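Student: Before we start, here is the structure in question, set down as structure tokens.
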Amino acid sequence: RGQRAHLLQLADAGTPRYVYHLPTVRARARALAAIKPIDQRYYAIKANSHPAILQLLEAEGFGLECVSHGELKHVFQHLPELSPKRVLFTPSFCPRSDYEAAFALGVTVTVDNVEALQRWPDLFRNRELWLRVDLGRGEGHHAKVRTGGKDSKFGLPIARVDEFVRAATDLGSRVVGLHAHLGSGVETAQHWRLMCDELAGFARRIGSVHTIDIGGGLPIPYSAEDEPFDLDAWAEGLAEVKALHPAFRLAIEPGRYLVAESGVLLSHATQVVEKDGVRRVGLDAGMNTLMRPALYDAWHDIENLSRQGGYAEAAFDVVGPICESSDVFGKRRKLPVSTAPDDVMLIADAGAYGYVMSNTYNQRAMPREDVIE
């Protein structure tokens, strides 16, 4: 709301448009940097790979976590002086060429299956590796973001850890990092404490591990009713775990927490219609612009930026122009009764998994991006 005039000006230059507020990113980064038990902080760039955000977070002391060769190239294109030691590569079912590129760059490489070592022994010979394990369960705000358990494609089953270590040892390689990430939007602080205990047990068994990576998944309050994540309670739990397992460095790799609240999606209303008692406002943004509501049933607050304060309200479904029934941003949302075509509409908390997941379905143009310093 404090940036309303600026946002309206940006919207006049064309929508749909993502806008990122860099001071918010900086504030989230410093809040995490203040948590002393954490030794290494990576930013998961899949959440938002805008160059200004990468440069800001690198300057705030964060390393960068990538999941593809494309992301690696993007990082070094925009941060050519970045040390490879500050880059973590955590792929899933990637081709051999991605691993080859990562090793050539000198970044830290994570593996999550024995089969890769068995198929490409020459590639993984005499390496220091991080191992991603599946602790046997998934957690998170939606089934499609739970990344642990039998139904998930991620992670080595814990029953095969010894097999992986033997295969690595036979190749002259060592497991020096141990990683688990069970899902996104996890709200219980004890989740990470339990993960630390479990990973520490496996790390001792392996014998060569110096770093435990507990992933990301920190939640943000997407609606006014949501409670902000209690960072203090989280930090206290991590401090207790660190005291129990002082031999290991502790790493995290959040994405959403750092950038989601920094971003909004601006759009213009195209049509306002009534059908069988249901009011609908259509936008020039659609599920191709912001996939999360269609993909995860995700909630985003929606406001009429052109009409703020003092307006009588009614319930509207907010929809886009894509030829799919799932092209809905929100149902029965309270908006001014007077909402009209050409009003500027704002979708909140869109700084994570917004632009990076957008596409040209229906041959719609990609959205624009801007930053506010």
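Just so it is clear, none of the values below were taken in a lab; they were calculated from the coordinates. Predicted model only: the values in this text are computed from it and were never measured. Because the Cβ atoms are built from the backbone with ideal geometry, glycine has one as well, and the counts that use them run over all protein chains shown.
Student: Rounded to the nearest 0.05, what FRET efficiency do Val273 and Leu8 have when you use their Cβ-Cβ distance and R0 = 35 Å?
Tutor: Working: r = 24 Å, r/R0 = 0.69.
Approximately 0.90, to the nearest 0.05.
Student: In a GNM of the chain with a 10 Å cut-off on Cα contacts, which of Val264, Val75, Val114 has the highest mean-square fluctuation?
Tutor: Val114
Student: Hey, another quick one. Using the per-residue mean of other Cβ atoms lying within 10 Å as a proxy for protection, in what order, highest first, do the peptides 152-159, 18-25 fall?
Tutor: Details: 152-159: 16.4, 18-25: 20.5.
Ranked by mean Cβ neighbours within 10 Å, highest first: 18-25, 152-159.
Student: Just to verify a number: FRET efficiency for Asp301 and Asp230, C-beta to C-beta distance, R0 = 22 Å, to 0.05?
Tutor: Details: r = 21 Å, r/R0 = 0.97.
Efficiency computed from Cβ-Cβ geometry: 0.55.
Student: OK, next. Out of Ser97, Ser267, Ser68, any idea which swings most in a Gaussian network model of the chain, alpha carbons joined below 10 Å?
Tutor: Of Ser97, Ser267, Ser68, the most mobile in the Gaussian network model is Ser97.
Student: Here's another thing I want to ask about it. So which residue, out of Leu129, Leu231, Leu218, gets the largest mean-square fluctuation from a GNM of the chain using Cα contacts under 10 Å as springs?
Tutor: Fluctuation is largest for Leu231.
Student: How long is region 49-254 along each principal axis, judged by its Cα atoms, biggest number first, in Å?
Tutor: On the principal axes, region 49-254 reaches 53, 39, 33 Å in Cα extent.
Student: Based on the Kirkwood radius over alpha-carbon pairs, what value in µm²/s does the Stokes-Einstein equation return for the translational diffusion coefficient of the chain at 37 °C and 0.692 mPa s? Display every interim value, and only then the final one.
Tutor: Values: Rh = 22.0 Å.
Here the translational diffusion coefficient equals 149 µm²/s.
Student: Return the subset of Lys73/Lys242; Lys275/Lys334; Lys36/Lys153 for which the Cα-Cα distance in this structure is over 27 Å, preserving the input order. Provide the component values of the computation, followed by the final result.
Tutor: Values: Lys73/Lys242 34 Å; Lys275/Lys334 17 Å; Lys36/Lys153 33 Å.
Flagged as over cut-off: Lys73/Lys242; Lys36/Lys153.
Student: Moving on. Which residues does a label at Ala315 reach in region 262-278, if reach means a backbone N under 15 Å from a point 7 Å past the Cα toward the Cβ?
Tutor: Answer for this model: 275-278.
Student: May I pose another question? What is the mean projected area of the alpha carbon convex hull for region 265-373, to one decimal in square nanometres? Don't skip to the answer; put the middle values down first.
Tutor: Numbers: hull surface 28.4 nm².
Average projection, Cα convex hull of region 265-373: 7.1 nm².
Student: Given labels modelled 7 Å from the Cα in the Cβ direction, how far is it in nm from Ala104 to Lys331?
Tutor: 5.0
Student: Another question about this same structure. What FRET efficiency comes out for the pair Lys85/Trp120, r = Cβ-Cβ distance, R0 = 25 Å, nearest 0.05?
Tutor: On the way: r = 23 Å, r/R0 = 0.94.
That gives a FRET efficiency of 0.60.
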